[in-house]
1. Consider all pairwise Cα distances in the stretch 25-86 and report the whole-number % of them above 15 Å.
2. Please report, as a whole percent, how much of the solvent-accessible surface of the chain comes from carbon and sulfur atoms (probe radius 1.4 Å).
3. What number comes out for accessible area per residue over the stretch 2-83 if the probe is 1.4 Å? Units Å², please.
4. What 222 nm value per residue comes from the helices of the chain, counting each DSSP H run with n ≥ 4 as -39,500 (n - 2.57) and dividing by all residues, nearest 500 deg cm²/dmol?
5. Taking the Cα centre of the stretch 8-73 as the origin and placing charges on Cβ (Lys, Arg +1; Asp, Glu -1), which of 26, 45, 10 is farthest toward the positive end of the dipole?
6. Kindly report, to the nearest 10 Å², the accessible surface of residue 6 as traced by a 1.4 Å probe over protein heavy atoms only.
7. Would you work out the relative contact order for the chain, in percent, from Cα pairs under 8 angstrom that are 6 or more residues apart?
8. If you work out Rg/Rh (Cα atoms, Kirkwood Rh) from the coordinates, which of (i) 0.95; (ii) 0.97; (iii) 1.12 do you get?
Amino acid sequence: MRNEQTLIYLQIAQMLEDGILRGIYPEETQVPSTNELARTLRINPATGAKGLNLLAEDGILYKRRGLGMFVAPGAAERIRAKRRSEFLQQYVRPLAAEARKLGLTAEELQAMLRDACEEEE
C-alpha cells in the first residue's frame, strides 16, 4: 500500500475508496476504526483518523456517535464521479494535447485507445 509519492493518509483514503468500489464496504456498513487502521497498517492513529476524516469531508463516510464511521449512501457513485473527473484532468486532457502535437485525428486516437483496451482484455 505504501507509495513514497503519496502521503499515507491519502493512501488510506484511497484504500477505503477502493474497498467501497469493490463492494467490501457496502453502503451503511462500518469501516475500520482509527485504532484498527493503526494496528493493521502500523501507523499512527492520527494518520488513520486523517484518512477517515478526509472521506467524511467528501461525504463518502459519516460518523455515528459512539459507533464509528460508516459508508454513506451514494458513496460509490461519488467516488466514481470524483475519479472520472481526476482521470479526465490527469490523463485524458494531456493525452489529447499530445495527440494534437503529433497530428493525430480524433479517429486515429480513438482507434489507438480501442486497440490498447483490447490488448488488456
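1. Distances greater than 15 Å cover 51 percent of the Cα pairs.
2. 52 percent
3. 60 Å²
4. -18500 deg cm²/dmol
5. 45
6. Surface accessible to solvent at residue 6 totals approximately 50 Å².
7. 21 percent
8. (iii)
The values are calculated or read from the model by the stated rules, or taken from the named source; none is laboratory data. Please read these numbers as outputs of a predicted model, since none were measured by experiment. Reconstructed Cβ throughout: ideal geometry from the backbone, glycine too, with neighbour counts over all protein chains shown. Each accessible area value is taken on the protein alone, full model and side chains, heavy atoms only, with ligands, DNA and RNA left out. Shrake-Rupley method; radii C 1.70, N 1.55, O 1.52, S 1.80 Å.
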